[in-house]
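Asks: Quick one: the structure is below, questions incoming.
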Amino acid sequence: MANLKTKVIHGGISTDSTTGAVSVPIYQTSTYKQNALGQPKEYEYSRSGNPTRHALETLIAELEGGVKGFAFSSGLAGIHAVLSMFSAGDHLILADDVYGGTFRLLDKVLVRSGITYDLIDLSVPASLEAAFKPETKAVYFETPSNPLLKVLDIKEIARIAKAHHSLTLVDNTFATPYLQRPLELGADVVLHSATKYLGGHSDVVAGLVTTNSENLAEKIGFLQNSIGAVLGPQDSWLIQRGIKTLALRMDAHSKSAEKVAKFLEESEAVAKVYYPGLPSHKGYEIAQSQMDAFGGMLSFELVDESKVKPFVESLHYFTLAESLGGVESLIEVPAIMTHASIPKEVRELAGIRDGLIRVSVGIEDIDDLVGDLNRAIHLIGA
Ligand SMILES: *Cc1c(COP(=O)(O)O)cnc(C)c1O
């Protein structure tokens with residue numbers, strides 16, 4: 001088995017079988033000629049299948065150790081398709097700091113079809129054990145999570161879920177398969193917002209899903225085609241182009257984020273830093289056991305909460321924007337931006353304070369990044 005560093009380049013379908021093109025061609029077509037009535041070839045219609053998308057779907061399956069991959073028009077479209085496996089009466093267990101859009105999908109859309117859920121602190125195994133009901137069908141979480149970088153023990157949660165005949169669904173957006181492979185640790189389905197690190201350049205919105213179960217692959221494939229939120233050929237190509245440099249980028253993101261985290265932790269203006277690569281982080285040990293490095297995401301709280309606005313607005317290289325995982329550094333305030341759709345009480349119960357600042361550390365020069373933060377801290381007099 002090739003190393004991940006090789007797989008990101010040579011995995012999937014990296015050479016076009018008809019021309020030998022080393023970059024997968026963009027098959028910009030909606031339909032395919034059938035030579036005989038009732039006998040379509042491999043492809044018949046691009047919602048059901050497209051060679052450019054198929055190459056990407058094969059690639060994500062290979063990187064995560066799945067049997068089949070699925071590409072969607074956004075991360076949420078993929079999450080929607082996977083959660084559409086469940087029906088009225090089914091119960092899901094959700095991590096209490098799940099991505100805001102995932103929470104909204106369940107709380108505002110899927111509950112209407114009779115699916116129920118509970119938000120649980122999954123870092124406490126006893127809470128998880130107590131959360132199962134006879135109708136529980138799956139446990140859904142992210143690790144590291146958004147925005148507190150909570151690290152959850154994939155192996156342990158998958159073991160408990162299995163004992164309760166439930167599936168383990170892991171959103172692996174923050175780590176990517178280069179740093180963490182949930183299927184190897186017992187998860188059943190892995191989901192990605194490929195908009196983030198897999199695309200890597202903040203220029204495309206996409207979702208990827210993979211599973212190591214043939215049975216689940218069949219169900220997800222049926223839902224992908226039935227719901228129809230597939231990824232177009234141009235965007236499928238862009239994600240593959242992004243993945244080619246995934247190893248280089250994730251190494252750079254991880255290295256720089258660790259330095260930024262250490263700088264912030266030593267600053268007197270900063271009250272708390274959340275980064276799985278800091279020995280002070282609650283999930284440091286689990287992170288070490290299940291991740292190959294700690295990624296580019298971190299968050300922190302200023303000592304003086306009233307300085308959050310001037311601080312984030314005075315930075316040069318950290319663009320004030322939602323999203324993450326691109327080559328450029330981004331900064332945001334979850335309570336006002338990415339997590340605004342979660343009710344304040346629910347948010348605070350999960351530890352997401354109004355003054356929390358989340359950073360996606362890019363791959364700019366590390367001295368420029370730390371210098372920028374240092375300058376902003378002094379500027380606001382914190
Ligand atoms: C962005 C994100 C999503 C949603 O993906 P979209 O591509 O924006 O639809 C889901 N999970 C996590 C962890 C994310 O960061």
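Asks: Scan (1) in contact with a strand residue (DSSP E or B) (Cβ under 8 Å, 6 or more places away or on another chain); (2) free of Cβ contacts under 8 Å to residues at least 40 places away in the same chain for the single condition GLU142 breaks and write down its number.
Replies: (2)
Asks: Report yes if some residue within segment 108-116 is away from the ligand (no atom under 11 Å from the Cβ) and within 28 Å of HIS281 (Cα to Cα); otherwise report no.
Replies: Residues of segment 108-116 that are away from the ligand (no atom under 11 Å from the Cβ), as a first pass: 108-116.
Imposing the further condition that a residue be within 28 Å of HIS281 (Cα to Cα) reduces the set to none.
Looking through segment 108-116, none of the residues is away from the ligand (no atom under 11 Å from the Cβ) and within 28 Å of HIS281 (Cα to Cα).
Asks: Separate question: Taking segment 103-116, which residues are modelled with pLDDT of 95 or more, open to solvent by less than 50 Å² (accessible area, probe 1.4 Å) and not aliphatic (A, V, I, L, M)?
Replies: The answer is GLY114, and nothing else.
Asks: Go through (1) farther than 30 Å from SER48 by Cβ; (2) part of a helix (DSSP H, G or I); (3) open to solvent by 30 Å² or more (accessible area, probe 1.4 Å) one by one and return the number of the condition LEU264 breaks.
Replies: Condition (3) is where LEU264 drops out.
Asks: Another question, then. Only one of these conditions is not met by ASP372: (1) touching a strand residue (DSSP E or B) at 6+ places or on another chain (Cβ under 7 Å); (2) open to solvent by less than 10 Å² (accessible area, probe 1.4 Å). Which number is it?
Replies: (1)
Asks: Within segment 209-217, can one find any residue that is aliphatic (A, V, I, L, M), within 16 Å of the ligand (Cβ to nearest atom) and touching a Phe, Trp or Tyr at 6+ places or on another chain (Cβ under 6 Å)?
Replies: Our first condition is that a residue be aliphatic (A, V, I, L, M); within segment 209-217, this holds for 209, 216-217.
From what is left, the residues that are within 16 Å of the ligand (Cβ to nearest atom) are 209.
Applying the additional criterion that residues be touching a Phe, Trp or Tyr at 6+ places or on another chain (Cβ under 6 Å) yields 209.
Taking every residue of segment 209-217 in turn, at least one turns out to be aliphatic (A, V, I, L, M), within 16 Å of the ligand (Cβ to nearest atom) and touching a Phe, Trp or Tyr at 6+ places or on another chain (Cβ under 6 Å).
Asks: Going through THR136, THR168, THR176 one at a time, which residue ends up being within 12 Å of the ligand (Cβ to nearest atom), in contact (Cβ under 8 Å) with a residue 12 or more places away in the chain and either open to solvent by 20 Å² or more (accessible area, probe 1.4 Å) or among the polar types (S, T, N, Q) (or both)? Even if it seems obvious, please write down each step before you answer.
Replies: Values: THR136 fails: within 12 Å of the ligand (Cβ to nearest atom); THR168 fails: within 12 Å of the ligand (Cβ to nearest atom).
Among THR136, THR168, THR176, only THR176 is within 12 Å of the ligand (Cβ to nearest atom), in contact (Cβ under 8 Å) with a residue 12 or more places away in the chain and either open to solvent by 20 Å² or more (accessible area, probe 1.4 Å) or among the polar types (S, T, N, Q) (or both).
Asks: Still on this structure: With respect to the numbered conditions (1) more than 15 Å from the ligand (Cβ to nearest atom); (2) among the aliphatic types (A, V, I, L, M); (3) touching a Gly at 6+ places or on another chain (Cβ under 7 Å); (4) touching a residue at least 40 places away in the same chain (Cβ under 8 Å), which one is the sole condition not fulfilled by ALA88?
Replies: ALA88 satisfies every listed condition except (4).
Asks: Only one of these is away from the ligand (no atom under 16 Å from the Cβ), in contact (Cβ under 8 Å) with a residue 12 or more places away in the chain, over 20 Å from ASN146 (Cβ atoms) and open to solvent by less than 40 Å² (accessible area, probe 1.4 Å): LEU315, LEU302. Name it.
Replies: Details: LEU302 fails: over 20 Å from ASN146 (Cβ atoms).
Result: LEU315 is the single residue among LEU315, LEU302 that is away from the ligand (no atom under 16 Å from the Cβ), in contact (Cβ under 8 Å) with a residue 12 or more places away in the chain, over 20 Å from ASN146 (Cβ atoms) and open to solvent by less than 40 Å² (accessible area, probe 1.4 Å).
Asks: Still on this structure, please answer the following. Restricting attention to segment 34-80, which residues are closer than 23 Å to TYR140 by Cβ and either outside the structural domain of ASP203 (by TED's automatic domain parsing) or hydroxyl-bearing (Ser, Thr, Tyr) (or both)? First the steps, then the outcome.
Replies: First pass over segment 34-80, keeping only residues closer than 23 Å to TYR140 by Cβ: 57, 60-61, 63-80.
Within segment 34-80, SER73, SER74 meet the criteria.
The values are calculated or read from the model by the stated rules, or taken from the named source; none is laboratory data. Not measured: the values here are computed from a predicted model. Cβ: placed from backbone, ideal geometry, glycine included. Neighbour counts: every protein chain shown. The area values use the complete protein model at the heavy-atom level, side chains included, leaving out ligands, DNA and RNA. Shrake-Rupley method; radii C 1.70, N 1.55, O 1.52, S 1.80 Å.
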